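Data first, discussion second: the structure below is written as structure tokens.
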Amino acid sequence: MLKSMWLNTIQKQTYKPLQEDLDTDVLIIGGGITGISCAYELAQLYHNIVLVTMNEFYSGTTGFTTAKITYQQGFIYHDLLQNYEEKQVENFYEFNKQGLDRIKEIVTNEKINCDFEEVDGYLYSLYDEETKIKQEYEAYQKLNIPGELTTIFDNIALKVEKQAIFHPLKYLEGILNKISDRVKIYENTKIIDIDGNIATTEEDFTIHAD
């Protein structure tokens, strides 16, 4: 069975399942990095937020992530330019860069100890894909993405600076600790139905969200 190196290296706080009906301004369903990040951002705007997850927090995709923070995602920009307008692809890059910058900002401002480290990113192949690397580099130039051609393991590579790595679950534990006084947080709370503004849990409790 696949195991997570991240889940085995943290002291995880536990949260009770929902056992009552609630009224709230905002309901967030999902306990991965997306749901927890939404709760963090919205906690600065709303006083009454509920965050629920059907299992334990970050026990799904987030708990098994590669934990790199980067806008360099394989041979993607060349392919995107073949199918979308240049401005749309520029927006894709900018949004990914903003996400990277936002995580850096949160780690710094909240003083979260999550092994965050700025590193260079490399796109390379152990196979004969020099043409694909060069095509991706040309796409970077067209989109004004900072990058340079270099070599790694004796193969051509595309390097970008100031990407990052971190311990994703230490990061999310830090966020949950920061918002726990402002957000009602529940684990093992499965939403089975949403009707208008009312969500119903598997235990037949309801959450009315504005």
Exercise for the section: Test Asn83 against the stated conditions and say whether it is exposed (fewer than 14 other Cβ atoms within 10 Å of the Cβ), at pLDDT 95 or above and among the polar types (S, T, N, Q). Expected result: yes
Of the listed residues (Gln98, Gln82, Gln88), the one being more than 25 Å from the chain's Cα centre (by Cα), part of a helix (DSSP H, G or I) and not aliphatic (A, V, I, L, M) is Gln82
Hey, does segment 61-68 have a residue that's in contact with a strand residue (DSSP E or B) (Cβ under 7 Å, 6 or more places away or on another chain) and of a type outside the set (D, E, K, R)?
yes
Filter segment 32-73 for residues that are crowded, with 17+ Cβ neighbours inside 10 Å and of a type in the set (Phe, Trp, Tyr); the one that is nearest to Tyr122 (Cα to Cα) is Tyr71
Taking segment 111-121 and keeping only residues that are crowded, with 16+ Cβ neighbours inside 10 Å and in contact with a helix residue (DSSP H, G or I) (Cβ under 8 Å, 6 or more places away or on another chain), one is left with Ile112, Cys114, Phe116
The correct count of residues that are over 17 Å from the mean Cα position of the chain (by Cα), aromatic (Phe, Trp, Tyr) and within 21 Å of Pro146 (Cβ to Cβ) in segment 106-134 is 2
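Given the residues Tyr171, Tyr137, Tyr186, which is the only one that is closer than 22 Å to Gln44 by Cβ, open to solvent by less than 70 Å² (accessible area, probe 1.4 Å) and more than 14 Å from the chain's Cα centre (by Cα)?
Tyr186
Would you check which residues across segment 189-201 are in contact (Cβ under 8 Å) with a residue 40 or more places away in the chain and surrounded by fewer than 20 Cβ atoms within 10 Å (Cβ to Cβ) and list them?
Passing the criteria: Lys190, Ile191.
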Check your understanding: Is there a residue being at pLDDT 95 or above and open to solvent by 90 Å² or more (accessible area, probe 1.4 Å) anywhere in segment 7-17?
Key -> yes
By my count, strands (runs of 3 or more DSSP E) wholly in segment 164-210 with at least 3 residues that are under 17 Å from Thr65 (Cα atoms) and not polar (S, T, N, Q) are none
Glu105: more than 25 Å from Ile152 (Cβ to Cβ), modelled with pLDDT of 95 or more and loosely packed, with under 15 Cβ neighbours inside 10 Å, yes or no?
yes
With the first residue restricted to segment 108-120 and required to be in a strand (DSSP E or B), and the second required to be aliphatic (A, V, I, L, M), Cβ contacts under 6 Å at 6 or more apart or on different chains are Glu117/Ile165; Glu118/Ala164; Val119/Ile165
Picking from Phe57, Phe75, the residue that is part of a loop (DSSP other than H, G, I, E, B) and more than 24 Å from Leu172 (Cα to Cα) would be Phe75
For Ile29, are the conditions met, namely being touching a residue at least 12 places away in the same chain (Cβ under 8 Å) and open to solvent by 80 Å² or more (accessible area, probe 1.4 Å)? yes
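Can you say whether Glu94 is farther than 22 Å from Lys170 by Cα, open to solvent by less than 40 Å² (accessible area, probe 1.4 Å) and acidic (Asp, Glu), as far as the supplied structure shows?
Considered against the rule, which asks whether it is farther than 22 Å from Lys170 by Cα, open to solvent by less than 40 Å² (accessible area, probe 1.4 Å) and acidic (Asp, Glu), Glu94 comes out as no.
The values are calculated or read from the model by the stated rules, or taken from the named source; none is laboratory data. Note that this is a predicted model, so its numbers are computed, not measured. For neighbour counting, all protein chains shown are included, and Cβ atoms are generated from backbone atoms with ideal geometry for every residue, glycine included. Just so you know, the surface numbers come from the protein's heavy atoms only, side chains and all, with ligands and any DNA or RNA stripped out. Shrake-Rupley method; radii C 1.70, N 1.55, O 1.52, S 1.80 Å.
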